[in-house]
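Okay, structure first, notes after.
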Amino acid sequence: MDIRLSVFPTDKYPKMIAYTNNYKIRPKLANQLFVLLNKSSQVSDRDFPYQIIIENHTRYLPYDRGRAIEIILDYISHREENRIYGE
């Protein structure tokens, strides 16, 4: 399943560098991640520099939660990449 994570500067974090990462992870893991993000904001705000798109669902996160999800996505995608290509 495809996940797109975008980071952009906001009024609260004006020095952030805008970038976008695309992740491809298993649907079961993506669904579990969506459950974690279910209570996140669906409306963009100046305090939410992270945007995560899972399929057609868009969520906005504050910096601390967004950074935590980004670290989890990096870990999951790297681990699966090693498993697929390491064998």
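The values are calculated or read from the model by the stated rules, or taken from the named source; none is laboratory data. These figures come from a predicted structure and were not determined experimentally. Note: ideal-geometry Cβ built from the backbone for every residue, glycine included; neighbour counts use all protein chains shown.
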* To do: Would you please list the contacts, defined by Cβ atoms under 8 Å and residues six or more apart or on different chains, that run from a residue in the range 38-64 that is on the phi < 0 side of the Ramachandran plot and basic (Lys, Arg) to a residue that is at pLDDT below 90 and not in a strand (DSSP E or B)?
  => Arg46/Thr10; Arg46/Asp11; Arg46/Lys12; Arg59/Leu37; Arg59/Ser40; Arg59/Gln42
* To do: Output the residues belonging to the range 7-30 that are under 13 Å from the mean Cα position of the chain (by Cα) and of a type outside the set (Lys, Arg).
  => Val7, Phe8, Tyr19, Thr20, Asn21, Asn22, Tyr23, Ile25, Leu29, Ala30
* Residue list for the range 42-64, restricted to those being surrounded by fewer than 17 Cβ atoms within 10 Å (Cβ to Cβ) and not β-branched (Val, Ile, Thr) -> Gln42, Ser44, Asp45, Arg46, Asp47, Glu55, Asn56, His57, Tyr63, Asp64
* Residue by residue through the range 42-59, note down the ones that are in a strand (DSSP E or B) and among the charged types (D, E, K, R). => Arg59
* Structure fact -> Taking the range 19-41 and keeping residues surrounded by 11 or more Cβ atoms within 10 Å (Cβ to Cβ), among the hydroxyl-bearing types (Ser, Thr, Tyr) and modelled with pLDDT of 90 or more leaves Thr20, Tyr23
* Asked: Can you name the residue in the range 18-36 that is hydrophobic (A, V, I, L, M, F, W, C) and not in a helix (DSSP H, G or I) and, of all such residues, is farthest from Arg65 (Cα to Cα)?
  -> Ile25
* **Some residue of the range 67-84 being β-branched (Val, Ile, Thr), exposed (fewer than 12 other Cβ atoms within 10 Å of the Cβ), in a helix (DSSP H, G or I) and modelled with pLDDT under 90** => yes
